[in-house]
Amino acid sequence: MKELETKYMEWAIELAKKGLGFTSPNPLVGAVIVKDGHIIGEGYHEKYGSLHAERNALASCTENPQGATMYVTLEPCCHHGKQPPCTEAIIQAGISKVVIGSADPNPVVSGKGISFLKKQGVTVIEGFLQKECDALNPVFFHYITHKMPFVSVKYAMTLDGKIASKTGNSKWITSEDARSFSHQLRTVHTGIMVGLGTIIADNPALTSHGRGKNPVRIVCDSNLRTPLTSQVVQTTAKAKTIIATCVNDKSRLAAYQKLGCEMLVLPKSTNCECEATETANHLDLTALLKELATYQIDSILVEGGGTLLWSFFKNGLVNKLYAYIAPKILGGKNAISPVGGLGFELVDEARKFKIASVRHFDNDILVEAVPSSISL
C-alpha cells in the first residue's frame, strides 16, 4: 500500500513541474485523485490566475470522486484569492482522505487548510514525501517567508576562472547547448538583473530568445547612465524594463519613462566596500529586493557584472548559483573574473556553498550550488 501511495504522490510531483515558469508568484502544485485503487482524476496549477491543482484534478475526474483519496503536493488553500478555496471544493466533492506533501508557509493558509478539512471529517495525512514536495517550491517558500525574491546567480567561466579575455572579449566561453539552457533559465525566473557595466559592454536584450516567456528586465544603474539607445530601453514593448537608480532628477527619469521604462529610485547602500571610486554610489540591494517583491517578482536571475555579483555574495543575498565551466584556459592577470569587488581578505571569510548537482553540455559543465546552510 505504501508503495502505491508513493507512486501516486510522485506522479503529483511530476504534474506540478509542468507549471514551471507559469505560476509565479504562486507555487507549483500537483494533485492526483485515487478511488478503488486507480487514478480517476489529476491536475496541476497551470498558470497564475487559473484553477488550482485540486480543482483541475476534480474537474478531470472520470467517475464520481465521492469517498476517494486526493494526493496533493501542497496544503490546499482555504481562502479566497484569484480562485475560491480548494478546501471547499474537496468537501463538496466528497473526498474522504487527503494526503499532503508540503505545508504552506503562507500566513493566510498555514495550517488552516488542514484544520478545516479535519473539522469537516476528512482524514488528513501530512508530510508525505515532504522533502520531494518541498523541493518543488524553494522560490515560493523564500518569497513568502522573507518577502524578497529568490536570487539565482549565473555566470560562465573558463577552467582558470575567466569570463572574458584581457580585451573584454567573451564570445563564446561555453557551447551553444550550454547557452541554450541558460536562456531556458530566464524563462523560469520572473526577473533578470544586470548592472550598468553589462549594458554598456554587451548591450544585451535579456530575453529568453523565443524559448518561453521573457523575464522582467532589471538594470542596476546607481548614477543613471544607461544609454537611451540600449536594447533594454528600446524594446520595452517586448519585455518589461525596470531601472533601479539613486538619481531623483525628474527630468532625467522622464526620458526613460517616455520610452516605457519603469523607474525605481532607491537609497544608496550604507554598507558598500567596492572600489574606492564607487564607494558611496551603489544601490541598497536589500531595499531593491524588497521593492521588487511588491511587483510580485518572486525570483531573479542575476547575470552580471562582477561588481554587482560581488555585492550580492558579500551581503549574503544569493540563494542559488549556476556556474558554467568550459575546458579552456584564457590566462592573463587582467582577464576578467566572474565576481569582482574587493573580495574577502581571508579564505575563512568566503561565502560557502555546497554542490547540489553537476551536469554536462558537450564538454562544458554546469555546477548548481546552494548556500551551505541549506539542507539538500
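Structure above, values below:
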read-out: In the range 138-172, the residues that are among the hydroxyl-bearing types (Ser, Thr, Tyr) and within 18 Å of residue 322 (Cα to Cα); value: 152, 155, 158, 170
read-out: Filtered residues of the range 138-176 (kept if assigned to a strand (DSSP E or B) and not small (Gly, Ala, Ser)); value: 150, 151, 153, 154, 155, 157, 158
read-out: Residue among 54, 10, 3 that alone is in a helix (DSSP H, G or I), of a type outside the set (Lys, Arg) and open to solvent by less than 30 Å² (accessible area, probe 1.4 Å); value: 54
read-out: Any chance residue 67 is more than 24 Å from the chain's Cα centre (by Cα), modelled with pLDDT of 95 or more and in a loop (DSSP other than H, G, I, E, B); value: yes
read-out: Residues that are surrounded by 16 or more Cβ atoms within 10 Å (Cβ to Cβ) and polar (S, T, N, Q), drawn from the range 182-222; value: 182, 187, 190, 198, 207, 208, 214, 222
read-out: The one condition in (1) modelled with pLDDT of 95 or more; (2) under 27 Å from the mean Cα position of the chain (by Cα); (3) over 11 Å from residue 224 (Cβ atoms) that residue 245 fails to fulfil; value: (3)
read-out: Those residues of the range 13-41 which are open to solvent by less than 10 Å² (accessible area, probe 1.4 Å) and either of a type in the set (A, V, I, L, M) or more than 27 Å from residue 149 (Cβ to Cβ) (or both), in sequence order; value: 15, 16, 31, 32, 33, 40, 41
read-out: In the range 329-376, the residues that are on the phi > 0 side of the Ramachandran plot and among the polar types (S, T, N, Q); value: none
read-out: Yes/no for residue 260 being surrounded by 22 or more Cβ atoms within 10 Å (Cβ to Cβ) and either at pLDDT below 95 or not hydroxyl-bearing (Ser, Thr, Tyr) (or both); value: no
read-out: Test: residue in the range 172-179 that is at pLDDT below 95 and under 21 Å from residue 218 (Cα atoms); value: yes
read-out: Residue match in the range 159-167 (condition: free of Cβ contacts under 8 Å to residues at least 24 places away in the same chain and surrounded by fewer than 21 Cβ atoms within 10 Å (Cβ to Cβ)); value: yes
read-out: Verdict on residue 357 being surrounded by fewer than 18 Cβ atoms within 10 Å (Cβ to Cβ) and either farther than 23 Å from residue 181 by Cα or of a type in the set (Val, Ile, Thr) (or both); value: no
read-out: Identity of the residue in the range 305-354, more than 24 Å from residue 222 (Cβ to Cβ) and of a type in the set (Ser, Thr, Tyr), that ends up least open to solvent (accessible area, probe 1.4 Å); value: 324
read-out: Of residues in the range 13-24 being in a helix (DSSP H, G or I) and not aliphatic (A, V, I, L, M), the one nearest to residue 190 (Cα to Cα); value: 17
read-out: Elements of type strands (runs of 3 or more DSSP E) contained in the range 283-376, each with 2 or more residues being touching a helix residue (DSSP H, G or I) at 6+ places or on another chain (Cβ under 6 Å); value: 299-304
read-out: Residues (open to solvent by less than 60 Å² (accessible area, probe 1.4 Å) and in a helix (DSSP H, G or I)) located in the range 87-137; value: 87, 89, 90, 91, 93, 113, 114, 115, 117, 133, 134
read-out: Index of the failed condition, residue 73 passing every other in (1) polar (S, T, N, Q); (2) surrounded by fewer than 22 Cβ atoms within 10 Å (Cβ to Cβ); (3) touching a helix residue (DSSP H, G or I) at 6+ places or on another chain (Cβ under 9 Å); value: (2)
read-out: Residues located in the range 57-68, provided they are in contact with a Ser or Thr (Cβ under 9 Å, 6 or more places away or on another chain) and either of a type in the set (D, E, K, R) or buried (at least 21 other Cβ atoms within 10 Å of the Cβ) (or both); value: 68
read-out: Qualifying residue in the range 42-50 (condition: modelled with pLDDT under 95, part of a loop (DSSP other than H, G, I, E, B) and open to solvent by less than 40 Å² (accessible area, probe 1.4 Å)); value: yes
read-out: Unmet requirement for residue 31, which otherwise passes all of (1) closer than 21 Å to residue 134 by Cβ; (2) assigned to a loop (DSSP other than H, G, I, E, B); value: (2)
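This table checks each residue for (1) over 26 Å from residue 94 (Cβ atoms); (2) modelled with pLDDT of 95 or more; (3) touching a Leu at 6+ places or on another chain (Cβ under 6 Å).
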position: 1; (1), (2), (3): no, no, no
position: 11; (1), (2), (3): no, yes, no
position: 15; (1), (2), (3): no, yes, no
position: 18; (1), (2), (3): yes, yes, no
position: 35; (1), (2), (3): no, yes, no
position: 39; (1), (2), (3): no, yes, no
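The values are calculated or read from the model by the stated rules, or taken from the named source; none is laboratory data. Predicted model only: the values in this text are computed from it and were never measured. Note: ideal-geometry Cβ built from the backbone for every residue, glycine included; neighbour counts use all protein chains shown. These area figures cover heavy atoms from the full protein model, side chains too; ligands, DNA and RNA do not enter into them. Shrake-Rupley method; radii C 1.70, N 1.55, O 1.52, S 1.80 Å.
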